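Nothing in this text is a laboratory measurement; each read-out follows from the coordinates by a stated rule. Computed from a predicted model, the values in this text were never measured in an experiment. Note that each Cβ is placed from the backbone with ideal geometry, even for glycine, and that neighbours are counted across all protein chains shown.
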Amino acid sequence: MRKQHIYVDTSVIGGCEDEEYSEDSLALWEYFRKGSYMQVLSEHTLRELGGAPAKVRGRIEDVPQVNQIVLPDSDEADSLAQAYLDRGIVGPGSRADALHVALATVGGADVIVSWNFKHVVNLGRIRLFNAVNLEQGYGLIEIRTPREVLIDE
């Protein structure tokens, strides 16, 4: 059985060092380390981390590479992100957020996790992202917080 492929945006990586979000972010990281889930990152995420503190950037190295997938930039994802912007799901200043959703969708992730409640984990926006995905010939993408994907043991 295929492991869940979970796309992680930058807010979750930073959340490992944030008092409000660290418990759930670090619990998810443990699942990635153990190989219970596949961690899906993107070149876009890695670029965003470029200016982050070393401790935050180092979180990527905590997960064995065998449990990671890094999605490349692509014209296909850029086009889908632009479709989100054209529909007004997020404004031009939030193109980076739209690109995370597009990369996860185009990359075939099962779910994208985020702590960005304004632009990503927002019921109205999730519905609109998925409406555009369907219009553009893609499947639905689950968008959740890390807490929502933790395995009940």
Original post:
Which of the residues that make up segment 18-42 are of a type in the set (Gly, Ala, Ser), farther than 14 Å from Arg144 by Cα and crowded, with 24+ Cβ neighbours inside 10 Å?
Top reply: Ser42
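Pick from Glu43, Glu19: which is among the acidic types (Asp, Glu) and touching a residue at least 12 places away in the same chain (Cβ under 8 Å)?
On the way: Glu19 fails: touching a residue at least 12 places away in the same chain (Cβ under 8 Å).
Only one candidate qualifies: Glu43.
Table: residues versus (1) of a type in the set (D, E, K, R); (2) not in a loop (DSSP other than H, G, I, E, B).
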{"position": "His100", "(1), (2)": "no, yes"}
{"position": "Ala104", "(1), (2)": "no, yes"}
{"position": "Ile112", "(1), (2)": "no, yes"}
{"position": "Phe117", "(1), (2)": "no, no"}
{"position": "Arg127", "(1), (2)": "yes, yes"}
{"position": "Leu134", "(1), (2)": "no, yes"}
{"position": "Leu140", "(1), (2)": "no, no"}
{"position": "Arg147", "(1), (2)": "yes, yes"}
Original post:
Considering segment 88-101 alone, what residues qualify as being surrounded by fewer than 14 Cβ atoms within 10 Å (Cβ to Cβ) and either touching a Phe, Trp or Tyr at 6+ places or on another chain (Cβ under 9 Å) or more than 15 Å from Asn133 (Cα to Cα) (or both)?
Top reply: Gly91, Pro92, Gly93
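Name the one entry in Leu80, Leu71 that is over 12 Å from the mean Cα position of the chain (by Cα), more than 12 Å from Thr10 (Cα to Cα) and buried (at least 17 other Cβ atoms within 10 Å of the Cβ).
So the residue among Leu80, Leu71 that is over 12 Å from the mean Cα position of the chain (by Cα), more than 12 Å from Thr10 (Cα to Cα) and buried (at least 17 other Cβ atoms within 10 Å of the Cβ) is Leu80.
Please tell me if Gly15 is buried (at least 16 other Cβ atoms within 10 Å of the Cβ) and closer than 23 Å to Leu134 by Cβ. Step through it out loud before you land on a result.
Details: buried (at least 16 other Cβ atoms within 10 Å of the Cβ): yes; closer than 23 Å to Leu134 by Cβ: no.
Taking the combined requirement at face value, the residue does not satisfy it.
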